[in-house]
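Heads up, the thing below is written out as structure tokens.
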Amino acid sequence: MNISGPVNTAGNLRGLETLMMDIILNPDLVSGLVRFSEGVMRSTIEYIGADCADAVFIAAASDNPDMLGLEEFMKISLPSVRNVTNFCHDMGLPAIFHPHGLFSTEDRKEVLRASLDTGVDGFQFAEDNTPSGILRETSGRCCVLGGLDAFNVLLLGPEERIIRSVGSLLDSLFGEDYIMTCSCSLNRGVPIKNIKTMADATRSYCGGRA
Ligand SMILES: [Zn+2]
């Protein structure tokens, strides 16, 4: 099941721009909203998770260190991600965290490590991260997802570029507890043939390595 992350949910409730201003002007309100959002996540997971989910995917575009600031991301978002992950584990469900923003550079090492310290079972990195920078921290700790740029490559193509990008990603990620996905949700309007090209290129790469 796919569920909106804590700051993501708070942004949906409050309006994202207003929430960003609140971080500076009214931090207590932000804490309250994020706590409430965590409650919304728990209730949803409890309801759907008990019924039909095999895993919980925390979709968290606004749980984003570039947007919130590194300290604020660790202080505002991650405690709720940790609580929700524990809640998932108590239900026997793995949790995958998909924050947006940069995590793979040297100056983001601490923020990536803190994200994994929440206990998540999978980390899907968004656009503009390098696989090697992500693997430095995820290796041996959790599985990794993401990689193929959902907009610039998967949506726009062309086919040769998709195949080339899949190959170069898998050169870094094959065998590293990697689950092949693109970098984010499939955009409305992505040609189905591009998704098939990605899947076929992945299969043929892995077939060559088997
Ligand atoms: Zn995304």
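Throughout, read-outs are computed from the coordinates displayed, never taken from laboratory work. As the structure is a computational prediction, the values presented were derived from the model and not from experiment. Neighbour counts are summed over all protein chains in view; Cβ atoms, including those assigned to glycine, are modelled from backbone coordinates with ideal geometry.
Taking only the Cα atoms of segment 158-210, the radius of gyration and Dmax are 11.2, 34 Å. Our coupling estimate for segment 157-174, obtained by passing each phi through the Karplus curve with A = 6.51, B = -1.76, C = 1.60 and θ = phi - 60°, is x, x, 3, 4, 5, 4, 4, 5, 5, 4, x, 6, 5, 5, 4, 8, 9, 4 Hz, Gly and Pro reported as x.
Loop-resident chymotrypsin sites (Phe, Trp or Tyr not before Pro) (DSSP state other than H, G, I, E or B) in segment 163-210 with no more than 16 further Cβ atoms inside 10 Å of their Cβ: Phe174. For Lys75, the lysines whose Cα comes closer than 19 Å to its Cα, not counting residues fewer than 8 places off in the same chain, are Lys109.
Amide H contacts for Phe57 (H built 1.01 Å from N in the peptide plane; partners 5 or more residues away or on another chain; cut-off under 5 Å): Asn2, Ile3, Ile96.
Mind jotting down a quarter of the surface of the convex hull over the alpha carbons of segment 1-99, in square nanometres, one decimal? For segment 1-99, the mean projected area of the Cα convex hull comes to 5.4 nm².
Remark: the chain is approximated by an ellipsoid whose semi-axes, taken from the C-alpha gyration tensor as √(5λ), come to 30, 18, 17 Å, largest first.
The translational diffusion coefficient of segment 111-210, from Stokes-Einstein at 4 °C and 1.567 mPa s with a Kirkwood hydrodynamic radius over alpha carbon pairs, comes to 93 µm²/s. How big is the antiparallel share of DSSP beta bridges in segment 2-209, given as a percent to the nearest 5? In segment 2-209, approximately 0 percent of DSSP beta bridges are antiparallel ones. Taking amide H atoms as placed 1.01 Å from N in the peptide plane, the amide H of Val144 lies under 5 Å from those of Phe123, Tyr178, Ile179, each 5 or more residues away in sequence or on another chain.
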